[in-house]
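Down below is the structure, laid out as structure tokens.
The values are calculated or read from the model by the stated rules, or taken from the named source; none is laboratory data. What you see is a predicted model, and the numbers here were worked out from it, not measured in a lab. In this analysis, Cβ positions are derived from the backbone assuming ideal geometry, glycine residues included, and neighbour counts consider all displayed protein chains.
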């Protein structure tokens, strides 16, 4: 499986994502934000960081970069797309995932490990997990307070599109376990077809025990098992 990691001006997790792909034995290459040919890739990763300095709004400028036009076409055709932190914010700005990111409830930048519970294990992203698994992953953001209106929230819930929720170490989804105020403790969602996944925590920063957790490896290992994505429950 060939991964492509997009590099925007201001990206700072591109090398982490590249390394994570290599750790799980995947082929990987960088994609510059001006590139438009994605035909050689099986999965596109939009990494964390501060694309274009996060001017105007997180992900607002990156959404108009040449590569994102190609990513939109790629995703509409069913290509696998993973957006991590700033990458998630870009997917929201591009309309590839529903909702918006608000400032953290504390109005402060948060950088720490959190726990998230797997809510759906029947996606390309969670093949190496099972429902109820608790993953220890780091976060580092100022705008991670996910929000949608009640109509879309119900659609996400009914459609099994909520993939990760913030929880405590025992897997309990509580207000105290929610680091940023995200609606319904949402840490990660996918689109209706399941080929686009956005999450605020950084699995690429939890690949080796030296970093404090290896749980992030499960996200990338799950993807390597997805040779060809043909449907949400494939």
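When segment 24-47 is examined, which residues are found to be in contact (Cβ under 8 Å) with a residue 40 or more places away in the chain, touching a strand residue (DSSP E or B) at 6+ places or on another chain (Cβ under 6 Å) and over 16 Å from residue 8 (Cβ atoms)? Correct list: 26, 42, 43.
Suppose we keep only residues that are at pLDDT 90 or above and assigned to a helix (DSSP H, G or I) within segment 212-234. Which one would you say is surrounded by the fewest Cβ atoms within 10 Å (Cβ to Cβ)? Before the answer, list the steps.
The initial filter retains those residues of segment 212-234 that are at pLDDT 90 or above, namely 212-221.
With the extra rule that they be assigned to a helix (DSSP H, G or I), the set shrinks to 217-221.
On the way: 217: 19, 218: 21, 219: 30, 220: 25, 221: 17.
If we take residues in segment 212-234 being at pLDDT 90 or above and assigned to a helix (DSSP H, G or I), then 221 is surrounded by the fewest Cβ atoms within 10 Å (Cβ to Cβ).
Mind listing whichever residues of segment 180-211 are part of a helix (DSSP H, G or I) and modelled with pLDDT of 95 or more?
Filtering segment 180-211 down to residues part of a helix (DSSP H, G or I) leaves 183-185, 203-205, 209-211.
183, 184, 185, 203, 204, 205 - these are the residues of segment 180-211 that are part of a helix (DSSP H, G or I) and modelled with pLDDT of 95 or more.
Taking residue 78, is it in contact (Cβ under 8 Å) with a residue 60 or more places away in the chain, surrounded by fewer than 16 Cβ atoms within 10 Å (Cβ to Cβ) and within 26 Å of residue 38 (Cβ to Cβ)? The answer is yes for residue 78.
Considering only residues that are touching a strand residue (DSSP E or B) at 6+ places or on another chain (Cβ under 8 Å), surrounded by fewer than 14 Cβ atoms within 10 Å (Cβ to Cβ) and more than 23 Å from residue 196 (Cβ to Cβ), which ones fall in segment 126-184?
Going through segment 126-184, the residues touching a strand residue (DSSP E or B) at 6+ places or on another chain (Cβ under 8 Å) turn out to be 126, 129-148, 156, 161-171, 173-174, 177-184.
Narrowing further to those that are surrounded by fewer than 14 Cβ atoms within 10 Å (Cβ to Cβ): 130-132, 169-170, 174.
Of everything in segment 126-184, those that are touching a strand residue (DSSP E or B) at 6+ places or on another chain (Cβ under 8 Å), surrounded by fewer than 14 Cβ atoms within 10 Å (Cβ to Cβ) and more than 23 Å from residue 196 (Cβ to Cβ) turn out to be 132, 169, 170, 174.
Of the strands (runs of 3 or more DSSP E) that lie entirely inside segment 121-173, those containing 3 or more residues that are under 24 Å from residue 43 (Cα atoms) span 134-141, 162-167.
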